[in-house]
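Contents: one structure, followed by commentary.
The values are calculated or read from the model by the stated rules, or taken from the named source; none is laboratory data. Because the structure is a prediction, the values reported are computed rather than measured. Ideal geometry is used to build each Cβ from the backbone, glycine not excepted, and the neighbour counts take in all protein chains shown. Ligands, DNA and RNA are excluded from the accessible area calculation, which covers all protein heavy atoms including side chains. Shrake-Rupley method; radii C 1.70, N 1.55, O 1.52, S 1.80 Å.
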Amino acid sequence: TDRKKLHTAPVGQVFRLRPFHVLVATGGGYAGYRKYEDYKLEQLEKRGIEVPVKLASEWEVALYKSVPTRLLSRAWGRLNQVELPTWLRKPVYSLYIWTFGVNMKEAAVEDLHHYRNLSEFFRRKLKPQVRPVCCVHSVISPSDGKILNFGQVKNCEVEQVKGVTYSLESFLGPRISTEEMHFSQAPPGNSFQQQLVTKEGNELYHCVIYLAPGDYHCFHSPTDWTVSHRRHFPGSLMSVNPGVARWIKELFCHNERVVLTGDWKHGFFSLTAVGATNVGSIRIYFDQDLHTNSPSYSKGSYNDFSFTSNNKEGIPMRKGEHLGEFNLGSTIVLIFEAPKDFKFNLKAGQKIRFGEALGSL
């Protein structure tokens with residue numbers, strides 16, 4: 001007969017799987033399943049149906065963490081820096097614009113051929129007139145995004161979304177030494193929250209802003225303040241979209257983040273940039289020593305950098321001034337003290353743009 005011979009390898013050799021491959025396949029499949037669940041929750045919310053909170057168990061969080069999101073984020077970052085041929089730029093960017101609803105009429109450069117790679121397109125600048133900075137209110141939104149939560153900090157716990165909290169001390173890390181701050185400290189015997197409140201009659205407030213992939217990716221100073229300290233927490237790079245934030249308790253404490261702390265006219269003020277999947281790169285313009293998403297790190301570690309050394313008084317920032325950027329969407333968390341009559345001008349879930357008012361006295 002003219003039949004061809006079929007050569008076969010031993011079954012064990014063909015299906016030889018390594019632990020890494022199993023983790024990637026299992027974790028990746030589970031991450032995909034969670035994405036589908038998040039989509040269903042979003043559809044229910046759009047119909048006005050309140051969804052009960054269902055937190056992930058420890059094994060679910062561990063399984064999600066098994067996905068090599070840090071490695072994938074570094075690979076994604078390198079891919080974004082590959083220069084695209086001129087003829088390919090418009091089709092690629094147009095697909096992204098259509099998928100995520102990007103408004104290119106606000107971009108400083110609307111011509112898609114101008115952006116050599118995806119990284120430049122993600123970090124596009126806006127026309128100055130499209131984001132006027134509110135001069136009336138004391139605190140403005142540092143970025144475009146969606147308000148996930150806001151209000152007073154209570155019992156050393158902060159809400160990342162309604163009903164799901166995280167520890168204030170775990171998120172910010174141990175209290176910074178007195179020498180690095182410009183104002184007096186509360187007695188060390190008080191709770192962590194009380195130690196942050198430096199003026200009698202003040203309260204501690206928080207606000208969480210989620211930046212979607214289609215949003216403007218730069219962030220700005222939310223008020224007039226002085227940055228005296230930076231703390232960088234290496235960590236996971238799990239998704240921070242509202243569905244995952246509702247599912248994983250202390251999500252923001254698991255993820256890589258950069259905490260900037262200092263003071264404003266009412267006392268303590270902090271801004272934290274939280275990393276996420278494909279957002280391993282967090283850049284602070286005045287901090288050239290900051291390097292995020294390194295290949296290796298010690299679990300639970302963090303590194304500090306002071307801007308008040310060598311007789312410096314910190315980094316003064318004006319309201320609306322450029323502060324930093326993400327390479328894709330992510331989350332900004334503000335934690336600050338203010339007098340008891342401070343009021344937020346917000347609604348949970350609302351869209352907000354950089355320069356619009358968050359609250360005032």
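Sort the range 274-361 into rounded, prolate or oblate with this rule: let a ≥ b ≥ c be the square roots of the eigenvalues of the Cα gyration tensor; rounded if a/c is under 1.5, and if a/c is not under 1.5, prolate when a/b is larger than b/c, oblate otherwise. The shape class here is oblate.
Label-point separation (nm) for C156 and K265, each offset 7 Å from Cα along Cα-to-Cβ? Spacing of the two 7 Å Cα→Cβ label points: 3.3 nm. On a per residue basis, the range 224-361 carries 38 Å² of accessible surface, using protein heavy atoms and a 1.4 Å probe.
Sequence gap at least 6, Cα distance under 8 Å: using those rules, report the relative contact order of the range 241-335 to the nearest whole percent.
Relative contact order, the range 241-335: 34 percent.
Ranked by the mean number of other Cβ atoms within 10 Å of their residues, highest first, the peptides 68-76, 213-221 fall in the order 213-221, 68-76.
Take every Cα pair under 8 Å whose residues are at least 6 apart in sequence, average their separation, divide by the length of the range 291-361, and the relative contact order is 21 percent. Protein heavy-atom surface of the range 222-278, 1.4 angstrom probe: 45% of the accessible area is carbon and sulfur, with nucleic acids and ligands not counted.
Each Lys or Arg adds one and each Asp or Glu subtracts one; over the other residues with Cβ under 15 Å from the Cβ of Q194, this totals -1. Per residue, the range 58-102 exposes 67 Å² of accessible surface when a 1.4 Å probe is rolled over the protein heavy atoms with every protein chain present.
Compute the Cα gyration tensor for the range 52-140, then decide on rounded, prolate or oblate, letting a ≥ b ≥ c be the square roots of its eigenvalues: rounded whenever a/c is under 1.5, prolate when a/b is larger than b/c in the other cases, and oblate in all that remain. Verdict is oblate for the range 52-140.
The magnitude of the dipole of the range 83-186, with charges of +1 and -1 set on the Cβ of Lys/Arg and Asp/Glu and taken from the Cα centre, is near 460 debye. Take each peptide in 192-201, 99-108, count the other Cβ atoms within 10 Å of every residue, and average; sorted highest first, the result is 192-201, 99-108. Remark: relative contact order (the range 140-295) = 25 percent; criterion is Cα-Cα distance under 8 angstrom and separation of 6 or more residues. Distance between the C-alpha centres of the range 217-261 and the range 110-124: 25 Å, rounded to the whole angstrom.
Quick check: from the Cα gyration tensor, does the range 221-267 come out rounded (a/c under 1.5), prolate or oblate? Cα axes put the range 221-267 in the prolate bin.
Rg and Dmax of the range 273-323, both derived from C-alpha coordinates alone, stand at 13.6, 38 Å.
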